[in-house]
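Single-structure report; data block below.
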Amino acid sequence: MKQILQSLKTGTTEIADVPCPSTNRGQLLIQSSCSLVSAGTERMLVEFGKAGWLEKARKQPDKVRMVLDKIKTDGLKPTLEAVFNKLDQPLPLGYCNVGEVAEIGAGVTQFKVGDRIASNGKHAQVVSVPVNLCAKIPDNVSDDEAAFTVIGAIALQGIRLVQPTLGETIVVTGLGLIGLITVQLLKANGCHVIGLDYDKEKLELARQFGATVVDLSSGEDPIIAAEQFSRGRGVDAVIVTASTKSSEPMQQAATMCRKRGRIVLVGVTGLELSRADFFEKELTFQVSCSYGPGRYDPAYEEKGFDYPVGFVRWTEQRNFEAVLDMMADGRLDVKPLISHNIAISEAQKAYEIIVGSEPSLGILLEYPPIEVTPESRTISFATNNEKVAASQKASVSFIGAGNYASSVLIPAFKDTQAQLQTVASNTGVSGLHAAKKFGFNETTTDTDKIFTDDSTNAIVITTRHDSHAKYVLKALDANKHVFVEKPLVLLKSDLEQIEQKYQDSKALIMVGFNRRFAPQVIKIKYLLSSVSGPKSFIMTVNAGAIPADHWTQDREIGGGRIIGEACHFIDLLRHLADCSIVEYNKCPMDSSTNDTVSIHLKFADGSIGAIHYFANGDKSFPKERLEVFASGRILQLDNFRKLTGYGWPGFSKMKLKNQDKGQKACALAFIQSINTGASSPIPIEEILEVSRISIELA
């Protein structure tokens with residue numbers, strides 16, 4: 001299928017051939033008929049991509065600070081690699097899609113195949129969208145009109161925050177698509193509306209929609225106009241839908257408002273505000289969050305949990321429905337806002353228009369019909385001669401092509417010289433990028449085909465944590481070696497299933513506990529081999545805070561920070577102690593979370609370990625420090641760059657130019673085990689032990 005992708009590195013807009021997305025639980029698979037280009041948002045992304053490195057840095061100073069902190073702790077080379085990898089990943093554009101339901105995901109009951117749907121899907125022939133971001137289109141609303149639903153919901157949410165009443169006077173600053181829709185919705189609500197803009201054609205449209213207009217290009221004073229229009233009282237509210245770096249629209253809004261007036265920012269402006277203006281009039285100011293309540297809430301958008309209508313009347317989905325109802329009733333007319341209809345094959349013209357000087361408003365992209373078949377979900381890059389069955393040598397397929405996979409794991413496996421067969425991803429975009437960049441034979445959104453593919457004998461799993469157990473079990477059933485990025489599982493019941501199934505399988509299981517393969521850890525292990533008595537380990541992890549609503553914090557999806565991350569360090573100490581863990585407990589700072597927690601371990605030989613996993617530190621401090629006390633000697637490892645020995649005969653220091661956490665060596669050990677027929681580089685007993693203890697500590 002065709003999809004529009006944007007490069008943030010170069011600003012290039014590409015019409016790419018991408019595998020049709022998969023249909024996940026709680027989602028609709030939609031065959032697109034048209035989509036609307038969001039001139040403001042998409043122009044900003046294109047211009048950011050085309051900007052030079054200095055201009056990019058100037059636009060995102062907070063990101064620059066993060067980069068500088070990372071250079072201090074991790075070194076220049078890995079930091080630059082991380083930055084370039086992030087910018088190298090293509091960005092799917094668009095969020096105003098219309099189409100017809102082709103497939104329905106599990107758990108979806110309110111839609112059926114064939115329904116016409118407005119959604120926030122991307123610019124693509126086929127999109128997969130969560131149900132709470134979809135709304136049915138009334139029969140008397142055309143597809144072209146329905147493409148304005150999401151933009152309309154943005155306007156409607158700004159109006160809901162203003163809370164206008166019948167007869168109030170409202171100013172709309174900026175008469176682009178959102179501004180012109182805002183004008184119509186306010187008029188339908190019984191308000192007097194003043195529209196401000198520099199564009200005469202947009203001003204004329206606003207006048208046709210019933211607004212009194214102020215032409216800023218001719219020098220008209222909006223403050224005087226607002227004063228006269230409001231009978232000298234000041235306007236009741238201002239909705240700012242403009243996009244500008246200037247703070248002038250906000251300053252004008254404060255001046256125009258009456259005492260206790262309301263200002264809502266829907267667009268993007270400078271925010272150099274005068275405290276005196278707000279203080280003397282007791283003005284209220286609020287920034288509108290996109291489509292409405294539910295936006296950016298994973299429970300609402302990804303899991304499909306709706307807010308009770310009695311408590312949250314207008315969610316983003318119900319805002320979609322309200323906009324469509326207004327179109328159906330004729331109270332919202334978007335047909336005059338359509339300036340261009342462009343075929344998807346010529347979509348680059350649309351982006352030349354929005355960054356150029358040609359007048360435009362609503363640019364609609366049109367899509368030819370496409371049949372969703374199993375074949376449409378896979379794109380092959382290999383010749384027939386390359387599509388051969390896997391031999392004893394490793395032929396690897398990846399499930400998941402996210403940031404960590406594409407920046408760390410896939411390059412590590414590519415360096416092993418293993419055959420890279422297939423890379424699977426849900427939407428197809430990240431998989432396509434990885435396939436082209438690293439030389440996979442094919443990319444797919446049909447994950448199941450990897451398990452039946454004779455060309456694959458090893459599978460690497462880099463998906464969200466809650467899917468790991470399912471894929472590991474399927475790999476064992478298919479008798480394929482499996483490397484799973486930590487954690488192995490989230491539940492003890494899954495661990496027991498894997499343990500039982502492994503006994504009947506000839507396949508290897510490997511978990512990405514890469515730190516035990518780091519060169520400095522190998523050195524520590526060698527030095528400790530000469531120590532006969534018990535050791536003491538202190539592992540300090542400056543983990544940093546993660547928002548409570550991040551998927552890794554969700555116990556059902558990510559497992560939380562002990563299972564999802566601290567398992568690395570439990571494994572590391574288990575490896576260095578070289579004997580089983582017989583006692584373990586935790587001491588969290590806050591009983592409701594494991595973000596900041598101390599974990600205490602006791603080993604069978606009398607060794608002890610403490611893992612201080614803290615989220616309340618500063619990012620400029622090294623992320624990981626390991627200290628080992630043994631027989632009157634000390635080893636200190638700082639951030640996998642500098643190892644220092646105290647009291648060790650013949651050893652004082654091992655310093656690396658760049659951080660090395662052992663990912664490449666970990667991948668190589670797995671591939672060599674497959675090629676030579678050896679056992680797993682990490683004994684299965686240790687993998688199961690660390691996994692079980694991590695779960696019980698969580």
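None of the figures in this text is laboratory data; all of them are computed from the coordinates on show. Given the structure is predicted, the values throughout are model-derived calculations rather than measurements. Don't worry about glycine lacking a Cβ; one is built from the backbone with ideal geometry, like all the others, and counts go over all protein chains shown.
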Fill in: lysines whose Cα lies under 17 Å from that of K393, excluding same-chain neighbours fewer than 8 positions away
K414, K480, K506
Worksheet item: When the helix-only estimate is applied to the chain (DSSP H runs of n ≥ 4, each -39,500 (n - 2.57), divided by the residue count), what is the mean residue ellipticity at 222 nm, nearest 500 deg cm²/dmol?
Response: -9500 deg cm²/dmol
Discussion item. How tilted is helix 492-503 with respect to the longest principal axis of the chain? Cα atoms for both, answer in degrees (0 to 90, nearest 10).
Written reply: 50
Worksheet entry | Once the Cα gyration tensor of the chain is diagonalised, semi-axes √(5λ) in Å | 52, 31, 23
Response to the item:
Pairs over 28 Å Cα to Cα, from K2/K335; K436/K655; K2/K470; K623/K653; K77/K449, come to K436/K655; K2/K470; K77/K449
Item to complete: Report the calculated FRET efficiency for V312 and S142 (r = Cβ-Cβ distance, R0 = 25 Å), to the nearest 0.05.
Response: 0.25
Worksheet item: In a solvent-free Debye calculation with one equal scatterer on each Cα, what is log10 I(q)/I(0) for the stretch 524-579 at q = 0.13, 0.24 Å⁻¹, listed in the order of the q values?
Response: -0.47, -0.95
Practice prompt. Can you check how the C-alpha radius of gyration of the stretch 151-287 compares to 2.2 N^0.38 Å, as a plain ratio?
Written response: 0.92
Item to complete: Take the Cα atoms of the stretch 365-488, build their convex hull, and give its volume per residue in Å³.
Response: 125
Worksheet item: Can you give the angle from 0 to 90° between the axis of helix 663-676 and the longest principal axis of the chain, with both taken from C-alpha atoms, to the nearest 10?
Response: 60
Worksheet item: Among the lysines in the stretch 151-287, how many pairs, 8 or more places apart or on different chains, have alpha carbons under 28 Å apart?
Response: 9
Discussion item. Translational diffusion coefficient of the stretch 212-281 at 4 °C, 1.567 mPa s, Stokes-Einstein with Kirkwood Rh over Cα pairs, in µm²/s as a whole number.
Written reply: 104
Worksheet item: Cα extents of the stretch 109-211 along the three principal axes, largest first, in whole Å?
Response: 44, 29, 23
Worksheet item: Quick one: if you stick a label point 7 Å off each Cα along the C-beta vector at I15 and T552, how many nm between them?
Response: 4.0
Practice prompt. Give me D for the stretch 515-697 in µm² s⁻¹, whole number, from Stokes-Einstein with Rh from the Kirkwood sum over alpha-carbon pairs, 25 °C and 0.890 mPa s.
Written response: 142
